[in-house]
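Reviewing the structure listed below.
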Amino acid sequence: MNGHSESTGKASAPSSDSVCRVTQCQTAGTNARLKLFALLEAQGVPAAEADDLVAALEARALAGAHCEVVELDGIAPASSDPVFADGWDEGVMAVSEALMGIADRDWSRRGGRSAGAAELAVHLADVRQREWANLVRLETFVRETVLPRTHPNTTERRRVLEALGEAGGLCTARTVEMSSGDVILCTREAGHYDLDDLPGFKLGKSDGTPGGWHLADGSIWSDAGAACSPHAAV
């Protein structure tokens with residue numbers, strides 16, 4: 001035994017949280033770069049000068065990261081054995097050299113970044129336009145094909161109207177189907193509730209049942225139900 005665990009030779013996989021954070025930073029950085037190049041172009045800054053400015057900012061960020069990494073040299077956890085401490089210092093040096101190598105490489109390739117950003121901006125605009133066109137086609141299909149096939153006062157129709165963003169004019173009353181526990185939303189128009197309005201099966205009866213009723217599929221109910229949310233609820 002040599003007093004320390006031997007490496008398995010496998011690099012630890014980054015956690016999903018780390019990957020997500022890196023992706024977010026990359027996306028934010030790309031958007032910021034595009035906006036910065038657009039602002040510099042609008043101010044009449046030549047493309048070559050814009051390249052140098054952006055490259056200098058990115059090199060400064062890498063240099064700052066390099067300085068922070070270098071400060072970790074020699075400060076391995078106090079409880080570490082000598083072998084771990086040596087590996088720690090070697091790892092710090094490897095990371096710091098890698099950062100400087102990236103900074104040098106990106107600085108040497110700074111030419112043409114502005115043009116590349118402009119091309120990327122055009123590409124993204126084209127992608128967004130295609131996505132918008134696809135959404136328009138989908139909405140047209142739902143409105144012209146799916147909606148006409150739904151029946152009035154059905155949950156299916158209400159869901160289609162919600163997908164189209166047109167359910168704001170519908171009643172907000174709801175009840176609970178006791179047998180299944182499902183929440184049922186009224187499918188009639190907002191403002192329909194009238195205490196003098198009785199469903200057909202109650203007409204001509206004087207059993208003291210209050211008027212007013214909501215409708216969804218085969219369910220019918222009034223605000224008087226214990227499991228009901230009144231029609232005025234938001």
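The values are calculated or read from the model by the stated rules, or taken from the named source; none is laboratory data. The structure presented is a predicted model; accordingly, all values stated were derived computationally and were not measured. Cβ coordinates were reconstructed from backbone atoms using ideal geometry, including for glycine residues, and neighbour counts include every protein chain displayed. To get the accessible areas, we keep the full protein, side chains included, count just its heavy atoms, and leave off ligands, DNA and RNA. Shrake-Rupley method; radii C 1.70, N 1.55, O 1.52, S 1.80 Å.
In table form, for the structure just shown:
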item: Tally of residues being touching a Leu at 6+ places or on another chain (Cβ under 9 Å) and either surrounded by fewer than 10 Cβ atoms within 10 Å (Cβ to Cβ) or β-branched (Val, Ile, Thr) (or both) across the stretch 169-181; result: 3
item: Those residues of the stretch 182-193 which are surrounded by 11 or more Cβ atoms within 10 Å (Cβ to Cβ) and part of a loop (DSSP other than H, G, I, E, B), in sequence order; result: Asp182, Cys186, Thr187, Arg188, Ala190, His192, Tyr193
item: Candidate set from the stretch 89-125 (those that are open to solvent by 90 Å² or more (accessible area, probe 1.4 Å), under 34 Å from the mean Cα position of the chain (by Cα) and of a type outside the set (A, V, I, L, M, F, W, C)); member that is modelled with the highest pLDDT; result: Arg105
item: From Ser80, Ser18, residue being in a helix (DSSP H, G or I), surrounded by fewer than 15 Cβ atoms within 10 Å (Cβ to Cβ) and modelled with pLDDT under 70; result: Ser18
item: Residue check, Leu138 open to solvent by 60 Å² or more (accessible area, probe 1.4 Å), modelled with pLDDT under 85 and over 30 Å from Leu57 (Cα atoms); result: no
item: Members of the stretch 23-77 found to be surrounded by 12 or more Cβ atoms within 10 Å (Cβ to Cβ) and not in a helix (DSSP H, G or I), listed by number; result: Val45, Leu72, Asp73, Ala76
item: Total residues in the stretch 129-164, condition in contact (Cβ under 8 Å) with a residue 40 or more places away in the chain and more than 27 Å from the chain's Cα centre (by Cα); result: 3
